[in-house]
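The values are calculated or read from the model by the stated rules, or taken from the named source; none is laboratory data. If you're wondering where the values come from, they're calculated on a predicted model, not measured in any experiment. As a convention, Cβ positions derive from the backbone with ideal geometry for all residues, glycine included, and neighbour counts pool all protein chains shown. The protein model used for the area step is the full one, side chains on, heavy atoms only, and it has no ligands, DNA or RNA in it. Shrake-Rupley method; radii C 1.70, N 1.55, O 1.52, S 1.80 Å.
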Amino acid sequence: MNGKEAEDAMSSTALSPPPPPLEWKFSQVFGERTAGEEVQEVDIISAIEFDKSGDHLATGDRGGRVVLFERTDVRDHARRRELEMLDNPISRHPEFRYKTEFQSHEPEFDYLKSLEIEEKINKIRWCQTTNGGLFLLSTNDKTIKYWRVQEKKVKRISEMNLSSAQDAGDGSFASSSASNPAVYLPNGGCSGGAYSSFSNDFTFPPGGFPSLRLPKVVTSQETSIVARCRRIFAHAHDYHINSISTNSDGETFISADDLRINLWNLEISNQSFNIVDVKPANMEDLTEVITSAEFHPVHCNTLAYSSSRGSVRLIDLRQSALCDNHSQLFHEPETPGSKSFFTEIIASISDIKFAKDGRHILSRDYMTLKLWDVSMNSGPVATFQVHEYLRPKLCDLYENDSIFDKFECCLSGDGSRVATGSYSNLFRVFGCGPGITEATTLEASKNPTRRQVQNPARPARSLGGLTRVVRRGAENAGLDAANNFDFTAKLLHLAWHPTENSIACAAANSLYMYYA
């Protein structure tokens, strides 16, 4: 392609209209509450995670349970591809079903610190699947557990010396023979009164049994799902664990608390390496804490972590054993004259996510979503206003502690859209491509578009071909601002399917799923 053709292609791309906003539809709900039903604290969902294939979904709750769901329409993929080859229109509707659940964590008590450790699941991360088993990590405030979930065929005992009618009882034969010892004779004969209690039900054939037959264990066609804890990673964090992230090498993972990030090997539970330590010699000099950490999806030597002062740091494990010095710092400077009592509080980043290709990082603070290009640390390439209409209410939010809520964020598999939660069980989806003004508000209910408002976005400023600081979603008069918001109904946790436009989100104890 010569220079003229390249210029024409770029101009045609710039003039092409942006894609229309996605039309989101309700798919499924698990654990739906009836009107007036009281939600138990232990049933509130506290973590959501799709596996890399998107065929399995895991949720954790405050009661320490992990619930797994599996996709049911994957068997139709081959048939679907055949129809696609015939140019038949197909509406894909991802469907999941309950698979199993298990108790991951129990409440504990640290006697040395006189501290109760609650069983709430903070994070779940899927690991690589091997030998047909599902592997995942789950953590509460102090302890990380490595689980294997696998279907096993049920084994039964068959071909006993007794007839099927006699050995199908309640096992009294075996228990009574053990409690009444007897002298056994060759060929199955027996002397003594050991079997007197079975004189009416059991008789030996004349001359005893012709041969001794041992019971055989046979595998039936029935299957049961078994969850087994393979390893426990404990006693490595003095503060509450806020993040875990698996590495692309399939062998290691990190865990982060307020002051430290530790590197673990999945096969070694009694040893970890401290790779980041922000604890000062004097705790009075502490200015920021670690809020979230995640491995790069492609490069096993790179990870990012966020802080309570609104910055994201990229570190390279090849630089040194203790990565006190970052390789990249992403931070947006404060606007002069805008500092207030709440500035530092709302600047704290609650969650970060890498895009699937690793070229962008999405961060969520209290008021905004920011999209960062890992090769450009001068500022975010896009900023999305999530609920700017709450700014006049910051004083009330501080008094009821809502200002400290930790909202998660997620990106679509192709990186073209981002999503995060808000109050009144609302969540927002933004388009983040050049010229895209998509900003959709949805409600976690069977009618997600009931409170939907499409907001016009300010036009993007182009800086040398890079879309830079696109602010969207600030105009929200249609939602009647903050006056009608329920701050107790907060949508903190959500996840985007890795390959399709499908979102799973948690509203209290209910899991809602949507597709577009």
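Of note:
- Thr368 passes every criterion in (1) crowded, with 21+ Cβ neighbours inside 10 Å; (2) in contact (Cβ under 8 Å) with a residue 40 or more places away in the chain apart from (2).
Yes or no, residue by residue, for (1) in contact with a strand residue (DSSP E or B) (Cβ under 7 Å, 6 or more places away or on another chain); (2) under 22 Å from Ser350 (Cβ atoms):
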| site | (1), (2) |
| --- | --- |
| Asn282 | no, no |
| Val298 | no, no |
| Ser308 | yes, yes |
| Val312 | yes, yes |
| Arg318 | no, no |
| Leu322 | yes, no |
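- If the condition is being surrounded by 14 or more Cβ atoms within 10 Å (Cβ to Cβ), out of contact with any Leu (no Cβ under 8 Å at 6 or more places or on another chain) and outside any loop (DSSP other than H, G, I, E, B), then region 230-260 contributes Phe233, Ser243, Ser255, Ala256, Arg260.
- Tally of residues being open to solvent by less than 40 Å² (accessible area, probe 1.4 Å), in a loop (DSSP other than H, G, I, E, B) and free of Cβ contacts under 8 Å to residues at least 60 places away in the same chain across region 324-358: 3
- Ala281 being open to solvent by less than 60 Å² (accessible area, probe 1.4 Å) and either free of Cβ contacts under 8 Å to residues at least 24 places away in the same chain or in contact with a Phe, Trp or Tyr (Cβ under 9 Å, 6 or more places away or on another chain) (or both): no
- If you go through region 261-295 and pick out every residue that is in a loop (DSSP other than H, G, I, E, B) and more than 16 Å from Ser138 (Cα to Cα), you end up with 9.
- Considering only residues in region 401-421 that are touching a Gly at 6+ places or on another chain (Cβ under 8 Å) and in a loop (DSSP other than H, G, I, E, B), the one that is least open to solvent (accessible area, probe 1.4 Å) turns out to be Phe407.
- Scanning region 386-400 for residues that are at pLDDT below 95 and outside any helix (DSSP H, G or I) gives His387, Asn400.
- In the set Asp167, Asp141, only one residue is touching a helix residue (DSSP H, G or I) at 6+ places or on another chain (Cβ under 9 Å) and either modelled with pLDDT of 50 or more or open to solvent by 60 Å² or more (accessible area, probe 1.4 Å) (or both); that residue is Asp167.
- Sub-9 Å Cβ pairs linking a first residue in region 27-46 that is among the charged types (D, E, K, R) to a second residue that is assigned to a loop (DSSP other than H, G, I, E, B) and open to solvent by 90 Å² or more (accessible area, probe 1.4 Å), at least 6 apart or interchain, are Glu32/Lys446, ordered by first then second residue.
- Checking Leu286 against (1) modelled with pLDDT under 95; (2) within 24 Å of Glu408 (Cα to Cα); (3) in contact with a Pro (Cβ under 6 Å, 6 or more places away or on another chain); (4) of a type outside the set (Ser, Thr, Tyr), the condition it does not meet: (2)
- Leading residue by the ranking (modelled with the highest pLDDT) among those in region 475-516 that are surrounded by fewer than 20 Cβ atoms within 10 Å (Cβ to Cβ) and of a type in the set (Val, Ile, Thr): Thr499
- Here Glu82 meets each of (1) farther than 23 Å from Pro498 by Cβ; (2) modelled with pLDDT of 90 or more with one exception, condition (2).
- Within this structure, Thr287 fails the test of being β-branched (Val, Ile, Thr) and crowded, with 18+ Cβ neighbours inside 10 Å.
- Meets criteria (free of Cβ contacts under 8 Å to residues at least 24 places away in the same chain and surrounded by fewer than 21 Cβ atoms within 10 Å (Cβ to Cβ)) for Pro297: no
- Of the residues making up region 100-128, those that are at pLDDT 95 or above and part of a strand (DSSP E or B) are Thr100, Glu101, Phe102, Gln103, Lys123, Ile124, Arg125, Trp126.
- Matching option when the condition is at pLDDT 95 or above, out of contact with any Leu (no Cβ under 7 Å at 6 or more places or on another chain) and among the small types (Gly, Ala, Ser), among Ser320, Ser416, Ser307, Ser375: Ser307
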